[in-house]
Amino acid sequence: MRFKVEAEAIHSNKGKIIYINRDTCIPGNHASEREIIELKEDGIFDYIINNNGTLKDLFNNINKIC
């Protein structure tokens, strides 16, 4: 999911949207990356996972949601 219209389609079909954040990743200047930041600020994501640990930590955090 990259754009608001895609997020709206997911939610209209009763889907959930997960944002995976990693502190060391810096968004680029592409339109989709700018829009993701706006969507995060607007609170459109159903879940936000901070991915600053190991791959196992990420999987465990995803499993908590499921």
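The values are calculated or read from the model by the stated rules, or taken from the named source; none is laboratory data. In this text, all values refer to a predicted model and were calculated from it rather than measured experimentally. Virtual Cβ from ideal backbone geometry, glycine too; neighbours counted across all protein chains shown. Note: areas computed on protein heavy atoms with side chains; ligands, DNA, RNA excluded. Shrake-Rupley method; radii C 1.70, N 1.55, O 1.52, S 1.80 Å.
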Legend entry - Breaking point among (1) outside any helix (DSSP H, G or I); (2) surrounded by 12 or more Cβ atoms within 10 Å (Cβ to Cβ); (3) out of contact with any Leu (no Cβ under 8 Å at 6 or more places or on another chain), for PHE45: (3)
Inset, instruction - Go through the residues of the range 48-66 one by one and say whether even a single one is exposed (fewer than 12 other Cβ atoms within 10 Å of the Cβ), touching a residue at least 40 places away in the same chain (Cβ under 8 Å) and not hydroxyl-bearing (Ser, Thr, Tyr). - result: yes
Inset, instruction - Considering each residue of the range 6-34, count those that are assigned to a helix (DSSP H, G or I) and either on the phi > 0 side of the Ramachandran plot or open to solvent by 80 Å² or more (accessible area, probe 1.4 Å) (or both), and give that number. - result: 3
Legend entry - Near pairs, Cβ below 9 angstrom, 6+ apart or cross-chain, from the range 2-29 (more than 10 Å from ILE44 (Cα to Cα)) to any residue that is basic (Lys, Arg): ILE10/LYS16; ASN21/LYS40; PRO27/ARG34; GLY28/ARG34
Inset, instruction - Answer with yes or no whether ILE37 is touching a residue at least 40 places away in the same chain (Cβ under 8 Å) and open to solvent by 60 Å² or more (accessible area, probe 1.4 Å). - result: no
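Restricting attention to the range 40-65, and to residues there that are out of contact with any helix residue (DSSP H, G or I) (no Cβ under 6 Å at 6 or more places or on another chain) and of a type in the set (A, V, I, L, M), which single residue is modelled with the lowest pLDDT?
Selected residue: ILE65.
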